[in-house]
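Visitor: Here's a structure for you.
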Amino acid sequence: MRRSILTGSLAVLTAVVAVSAGAAPSKPTDRSAKLDLIERLQHGPQILILGDSRGREAQPSYIQRLTGHSAFNAAVTGGSAPDAWVFTRYTADLFPHQQRRYIWFVSAGLATNIIDPLVETDPRSQQYLAEVAKYLSPVRISAPLPTDTRYHADGSIADWNPSYSAKRAAKLQAKAAKLIALIRAQPPVATPLDPTRFQLFEHLLGYMNSLGARPVIVLNPIYPTVLAELEKHGNPVAATSLEYLDGLHGRYDFVVLDCEDSRKWGGTDYDWTNPTHVGPANMRRMLRYVVAHSEGALK
């Protein structure tokens, strides 16, 4: 099968890209806030959590209960391969000679090589981005707003305890219906894969392997009714992403866990903040599945 990536209606499930970056806000962003927290750690985390906003829900304390290893959540809103590279390298330099494991949450289509301007301008990031400059995209996304999220010292979201109500459930269903309508209006199609997009992704896998780690890549969940609509069209973004990852196993050592289907890991239909983000209870259910099926990579 030809390797390909998805374009079209699935773009609604990923970040929107703009070509120019605004000025950096004076208040902290997710990225600077989490770099600050890593810098303040007394001991290096034995498990580093990477990814986008979907991975922010993972609680390091719960992962420690499951594995016995300390953890830090370095997932950030809109996070992609450059963010994962910076957090991985920064943590390795601050806490050298320490065995570390990695859980990397990615959406179907996988991580891009596009830089967030707040990563680029943070002085702690610049040396690491310079190391991989040849892999980075010339495109820049618009500067994000300062974060309004408070974090615990382990990078987890503070005060995150959503309530469940009929009104909230109705809003969730309405958002899912809008995504389904978009998919029906513009069914997903596949286009040839651009290998330059994944050079940094592969470089990071190789770097983790060089440290003796076997990263666990988790494909993020999608709300059941939305996933069912995608599957009517063959869900090509997930299919080609998994095919691409399968082709990397000859060169890199890693585990892939496809968690798109929440039924696989016992998720409920109501513990979601929106159709692409699970709530904390579903995240704990998924983490139990991830640890149990990580083939020993998190031991």
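Only the coordinates and a few stated rules stand behind these numbers; no lab work does. Quick caveat, the model's predicted, so the values are computed rather than measured. Ideal geometry is used to build each Cβ from the backbone, glycine not excepted, and the neighbour counts take in all protein chains shown.
Visitor: Under a 5 Å amide H to amide H cut-off, with H placed in plane at 1.01 Å, what residues pair with residue 273 once short-range neighbours are removed?
Guide: Under 5 Å from the amide H of residue 273 lie the amide H atoms of 278, 279, each far enough along the sequence or on another chain.
Visitor: Right, next: Under a point spin-label approximation (7 Å from Cα along Cα-to-Cβ), what is the residue 158-residue 210 distance to one decimal in nm?
Guide: 3.7 nm
Visitor: Taking square-rooted eigenvalues a ≥ b ≥ c of the alpha carbon gyration tensor, is the stretch 146-268 rounded, prolate or oblate, where a/c under 1.5 means rounded and, failing that, a/b exceeding b/c means prolate?
Guide: Since a/c reaches 1.5 but b/c is at least a/b, the shape of the stretch 146-268 is classed as oblate.
Visitor: Follow-up. For a test of the definition: using alpha carbon positions, the gyration tensor, and the 1.5 limit on a/c, classify the stretch 54-140 as rounded, prolate or oblate.
Guide: Because a/c hits 1.5 or more and a/b fails to exceed b/c, the stretch 54-140 counts as oblate.
Visitor: Can I ask one more? According to a simple spin-label model (label point 7 Å from Cα along Cα-to-Cβ), what is the distance in nm between residue 36 and residue 270?
Guide: 3.7 nm
Visitor: Can you tell me which lysines have their Cα less than 26 Å from the Cα of residue 34? Leave out same-chain residues fewer than eight positions away.
Guide: Straight-distance partners of residue 34: 134, 299.
Visitor: Taking 0.36 nm per residue of separation and subtracting the Cα-Cα distance, what length does fully extending residue 166 through residue 131 add?
Guide: 7.6 nm
Visitor: For residue 175, give me every one of the lysines with a C-alpha distance below 18 angstrom, ignoring sequence neighbours fewer than eight places off in its own chain.
Guide: By straight Cα distance, residue 175 reaches 167.
Visitor: Taking residue 264 as the anchor, which lysines have their alpha carbon closer than 20 Å to its alpha carbon, excluding any fewer than eight residues away along the same chain?
Guide: Within the straight-line cut-off, residue 264 pairs with 232.
Visitor: Okay, next question. How long is the gain from residue 94 to residue 193 if the chain were fully straight, where each residue apart is worth 0.36 nm and the alpha carbon distance is subtracted?
Guide: So the extension gain works out to 32.1 nm.
Visitor: Right, another one. Neighbour counts of other C-beta atoms within 10 Å: give me 179, 94 arranged from fewest to most.
Guide: 94, 179
Visitor: Is there a quick way to get the dipole size of the chain? I mean about its Cα centre, with the Cβ of Lys and Arg at +1 and of Asp and Glu at -1; what is the value in debye to the nearest 20?
Guide: Roughly 480 debye, rounded to the nearest 20.
Visitor: Putting +1 on Lys and Arg Cβ atoms and -1 on Asp and Glu Cβ atoms, find which of 185, 210, 227 reaches farthest to the positive end of the dipole of the stretch 155-257.
Guide: Value: 185.
Visitor: Using θ = phi - 60° and the Karplus relation 6.51 cos²θ - 1.76 cosθ + 1.60, list the HN-Hα couplings for the stretch 32-42 in order, rounded to whole Hz, with x at every Gly or Pro.
Guide: Calculated HN-Hα couplings, in order: 5, 4, 7, 5, 4, 5, 4, 4, 8, 5, 7 Hz.
Visitor: Another question, then. Suppose a student asked you for the relative contact order of the chain, using Cα pairs under 8 Å spaced at least 6 residues apart; what percent would you report?
Guide: 26 percent
Visitor: For the stretch 215-221, what does the Karplus curve 6.51 cos²θ - 1.76 cosθ + 1.60, with θ = phi - 60°, yield as ³J(HN,Hα) per residue in whole Hz, taken in order and with x for Gly and Pro?
Guide: x, 10, 9, 10, 7, 4, x
Visitor: Residue by residue, what Karplus-based ³J(HN,Hα) values in Hz, rounded to whole numbers, does the stretch 126-136 have, using 6.51, -1.76 and 1.60 with θ = phi - 60° and x for Gly and Pro?
Guide: 4, 5, 6, 5, 4, 4, 10, 4, 5, 9, 8
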